[in-house]
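First the structure, in the form of structure tokens, and then the observations on it.
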Amino acid sequence: MSASQPTIAAIATAPGRGGVGVIRLSGKNLLPLAQTLSGGKTPKPRTALYTDFFGSDGQPIDNGILLYFAAPASFTGEDVIELQGHGGPVVMDMLLSRCLELGARMAEPGEFTKRAFLNNKLDLAQAESVADLIDASSKSAARMALRSLKGAFSQHIHELVDDLITLRMLVEATLDFPEEDIDFLEAADARGKLQALQGRLKTVLASAEQGAILREGMNVVLVGAPNVGKSSLLNALAGDDIAIVTDIAGTTRDTVREQITLDGVPVHIIDTAGLRETDDVVEQIGIERSRKAVTEADVALILIDPREGVNAKTQAILNNLPEGLKKIEIHNKADLTGEPVAVRSDDLAQTGADTVISLSAKTGAGLDLLKHALLQEVGWQGESESESLFLARSRHLNALHEAEAELENAALCDNNQIELFAEHLRLAQNACSEITGEFTADDLLGVIFSRFCIGK
């Protein structure tokens, strides 16, 4: 057993009772441990062994299936053992305690996947997709996470990095020959290769941005003066009586949250306490939480009663909305006002919103128009396009945007700025390599010597 990489163990199945429970171990030279647990039996790699699992007193703790995966042909790249027993919490705890007695320690969160990354079984993007697959909130998100786990996203990043290395190789090979660099780069069409690279990066970034919408979802807040129907609209969108609805102002005294799914996209809807001045201490706390929710929102649904328009209370709320927050103006109670249910021209907006929708939260008329408008606000192009998307994280988007900016800077360099041109390409490569966790700075040297004969 390595001192730097001790054997780790953890219950791999969800807490609670179940028909089957799984304990996973990973480490070095685990065959003796497997033999001890199984009472002296020697499991064959990748072959199920039905056996009792024995305690230190020689008595069986449980019986089930023991699977042994010999390094490096395992998830982590180390020896891995999986014990599949009965899924009772007491039995699982007893079996885990036995594994700890035999020298294992409790695994930290994500440590099995971390070891898979460190042992080059997965790159960083693939490792992150393991968690994304587990946390997927829709079928589309699960499919995209699985594609990333199998390396689809990483393959596109590797192709970008390879193209960047090729272009850097052309540029940096000229630095020792300044008299010939301009003619050489023109003959090699370095500018054309840069433009093609920018186009490919733009395509990957667009797919990643769409995937980020599917992974992160969108945060939507319902804001407006008291009694304009925020809670009724939340209930209508959720299809359930989530929030209490009365004619009494201040009924919603805290933020109420609900998640729905629109075309595969998770939408986190927050019904805020009516933003108003009040002496009620409890309501004041709810209003402060509402203000915080507004600052974290992607879209605000601003409800107004068209019979009153933007009154002083609504205007006070508008004055405190974050600059740049996307807004949809909702004319609620169409069943009472007689307004036609429709998406209306933005020149009718009284709140500065880009979209105005008349609907009735009570009858549900116009809800489909609102759902479509929400997806449009975040740029969602439809679940039917999700097969070509990547379930990207903010970290991935930041790296791709950074690479895009560096390529734009490279394009601005003139023929007398070859060194600067090369530096921007290097920074773009580093940004892309951050996505997969490849941070080696010297990999370019091997490429130059293997592909170029400088002395020829």
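The values are calculated or read from the model by the stated rules, or taken from the named source; none is laboratory data. Fair warning: this is a prediction, and the values are worked out from it, not measured in the lab. No Cβ is skipped: glycine too gets one built from the backbone with ideal geometry, and neighbour counts run over all protein chains shown. We work out accessible area using only protein heavy atoms, side chains counted, and drop any ligands, DNA or RNA first. Shrake-Rupley method; radii C 1.70, N 1.55, O 1.52, S 1.80 Å.
Points to keep in mind about this one:
- Counting Lys and Arg as +1 and Asp and Glu as -1 over every other residue whose Cβ lies under 15 Å from the Cβ of residue 63, the net charge comes to -1.
- Long-range tail of P(r) for region 97-233 (Cα pairs > 19 Å, %): 70 percent
- Diffusion constant of region 1-154 at 4 °C, which comes from Stokes-Einstein with the Kirkwood Cα-pair radius and 1.567 mPa s, µm²/s: 80 µm²/s
- The charge dipole of region 1-84, taken about its Cα centre with unit charges on the Cβ of Lys, Arg, Asp and Glu (plus for the first two, minus for the last two), comes to roughly 180 debye.
- Charge sum, other residues only, whose C-beta stays under 10 Å from residue 437's C-beta, Lys/Arg counted +1 and Asp/Glu -1: -4
- For residue 21, the residues whose modelled amide H falls within less than 5 Å of its own, excluding neighbours fewer than 5 places apart on the same chain, are 85, 86, 87.
- Annotation: per residue accessible area for region 1-71 equals 52 Å², rounded to a whole number [probe 1.4 Å, protein chains only].
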